[in-house]
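To start, the structure itself, in structure tokens.
Here, each number is a calculation from the coordinates, and none is a lab measurement. Only a predicted model underlies this, so the values are computations on that prediction, with no experimental measurement involved. Don't worry about glycine lacking a Cβ; one is built from the backbone with ideal geometry, like all the others, and counts go over all protein chains shown.
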Amino acid sequence: MAKKKAIDLDWVTIRYKDIVTIVSIVVILLVVGGGGFFFWRWNRNPQVKAERALSHAQHLYDTVSSTVQEKQKSTLNQAKNMITQGRAEYRNGKYKKALSIAGDAISTLEELDTGQPQKYAVLVDIDGTVDVKRTHQHVFTGAKDQMVLEDGDIVRTAKNSYAKIKYHTGQVSIVTPDSLVVIQAMTLTESGGNKIEQFVQKGHMETQTPKTMSDRDESIIRTKSTTVRPGPNSRVGVALEDSGKVMTAVMKGTSEIEAGGTKKKVEAGSSGVSVISTEQGISSPEPMTPPPVPVSPSDQQIIRAKKPVQYVMNFKWNSPSKSEVLFEISARPLFSKLIAPAMKIKGTTVSFDGLPAGTYYWRLKASADDPNAYWSPIYRFRLIQVYERLPVKRKLSLKVEATPLGDGVILQGKTDPGISVSVNDIEIPVNTDGSFSKIYLFTDVGTQVVIVRAFDNEGNETTWKRKFQSVSY
């Protein structure tokens, strides 16, 4: 009996140890698993990471927006657009994309806070079918207006489609139909300037560099065989032909072209020149046929009419020759669709009526059949209806400070948010808070009248008028 009891006691003791061990293992697994879950929940979960990044970006924006300098307002607005885009992606369940956009917004705002230069590109206008392939994507997706682009992103246009890209430096590039362009780099040069590098894989692209481009800045357009470096305030078109040849049209300013181990500095002169390049070298520059020079309506001009559809618009230009001129007008900034078929005109004027109130664009070309002819810069004007009776009466605020320059005046002022401003009927940009600034240069000697007008679409307006003496024109 004693032995039997000893055996029972030993069995019970062994089972108790096993139970304790099992319970201990379960507890450890729960602690490790639970800790791992919470670590993943707060540090690895894409949804939570995106949410936290967007909140951080919004906090940075709220902190910086009250102290940012006037010259950095455009960058601040860009960061705000990025946050809005990130929230939209988050609502659509695209957490990784939202996280990436939020990260870009945070970097932009942090650089803004420290005063470091900003680097970004934006699709400011798209006409037709335009797609973008991100560096972290394997397929193209539809582009959207104001989409922020990054290094390595590819822009693709379909037939009859255009894309307009604006960089942080003020450089603007237009991707024409059936083209493929890579934003290769937005970085700094060795001397600390801004560097914008684009690669044309297919089709044609036109680039306009800003007047403010310094000797330290660099703009580069590459193809497989050719490298083009436009200078300040230059207008350059680069077209990759199916044969592999590259045609570079220097329509304004200067550009350095490199191909086949040789370099050439090409100046547009008064007519513009074109150059053909291959892996074997560069051809001699050939003169192009310059476009007529638009006179009126001038770029950014505002035209007021009681009945816009009955108002006769008179277009005028200066033409270096008496040959036929091609005229186009569109309600779209990149001319993917025209209001009327392109018009062939002999002379220097044309009249156009039947336009409703809105924004319009027009351009000219010396000849429809000349392969060496190219389009003039695009001119924009607004046709505004003036109401005989104001539908909504309101008093618009307008404060202007003027500092004479001798041959011009520096205008700084503020109006109500959302209100348009013009200087002598030329529209100028207005910040979201209603502030604006403009250097207005005189075009004649003697007494100059400057009129600043704040206005809305209801016909309300407030004007500021002063006289100045042009002493050094």
Log10 I(q)/I(0) at q = 0.07 Å⁻¹ for the chain, from Debye over equal alpha-carbon scatterers, is -0.49
Over all pairs of different Cα atoms in segment 330-402, the reciprocal of the mean inverse distance gives a Kirkwood radius in Å of 15.9
Taking placed amide H atoms and a strict 5 Å upper bound, the residues 5 or more places from residue 140 or on another chain that come that close are none
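What percent do you get for the relative contact order of segment 293-385 when only Cα pairs under 8 Å and 6+ apart count? Display every interim value, and only then the final one.
Numbers: 208 pairs, mean separation 36.3, N = 93.
Relative contact order, segment 293-385: 39 percent.
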Diffing segment 268-285: the Karplus 3J(HN,Hα) column from phi (6.51, -1.76, 1.60, θ = phi - 60°), in whole Hz with x for Gly and Pro, holds 5, x, 8, 10, x, 9, 10, 9, 9, 9, 9, 5, 8, x, 10, 7, 6, x
With only helices counted (DSSP H, runs n ≥ 4, each -39500 (n - 2.57)), the per-residue ellipticity at 222 nm for the chain, to the nearest 500, works out to -7000 deg cm²/dmol
Under the Karplus relation with 6.51, -1.76 and 1.60 and θ = phi - 60°, whole-Hz ³J(HN,Hα) for segment 221-229, x at Gly and Pro, equal 10, 10, 10, 4, 10, 9, 10, 10, 10
Given backbone amide H placed at 1.01 Å from N, residues whose amide H is under 5 Å from that of residue 364, ignoring those fewer than 5 places away on the same chain, are 376
Once amide hydrogens are built 1.01 Å from N within the peptide plane, the residues lying 5 or more places from residue 231 or on another chain with amide H under 5 Å from its amide H are 254, 255, 256
Taking Cα atoms, the helix 73-91 axis meets the longest principal axis of the chain at an angle in degrees (rounded to 10) of 50
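With +1 on the Cβ of every Lys and Arg and -1 on the Cβ of every Asp and Glu, and nothing else charged, how large is the dipole of the chain about its Cα centre, in debye rounded to the nearest 20? Intermediate values should be presented prior to the final figure.
Values: 62 positive and 49 negative charges, 269 e Å.
Around 1300 debye, computed over the chain.
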Mean separation of Cα contacts under 8 Å (at least 6 apart) over the residue count of segment 94-186, i.e. the relative contact order in percent, is 27
For residue 414, the aspartates and glutamates lying under 18 Å Cα to Cα, once residues fewer than eight places off in the same chain are dropped, come out as 70, 401, 425, 427, 433, 456, 461
One finds the C-alpha centres of segment 151-175 and segment 393-452 to be spaced, in Å, by 31
At q = 0.14 Å⁻¹, the log10 of I(q)/I(0) for segment 118-287 from a Debye sum over equal Cα scatterers comes to -0.69
Whole-number value, in Å³ per residue, for the convex hull of the alpha carbons of segment 272-399 is 172
Along segment 49-58, Karplus-curve 3J(HN,Hα) (6.51, -1.76, 1.60; θ = phi - 60°) to the nearest Hz, with x for Gly and Pro, reads 4, 5, 5, 5, 5, 5, 5, 5, 5, 5
If unit charges are put on Cβ atoms (+1 for Lys and Arg, -1 for Asp and Glu) and the dipole of the chain is taken about its Cα centre, the option from 405, 103, 268 lying farthest towards the positive end turns out to be 103
Computed over the Cα atoms of segment 89-216, the Rg and Dmax in Å are 15.0, 45
Nearest 10, in degrees from 0 to 90: the angle of helix 95-114 to the longest Cα principal axis of the chain is 60
Taking Cα pairs closer than 8 Å and at least 6 residues apart, the relative contact order of the chain in percent is 7
The helix 2-39 Cα axis meets the longest alpha-carbon principal axis of the chain at an angle in degrees, between 0 and 90 and rounded to 10, of 10
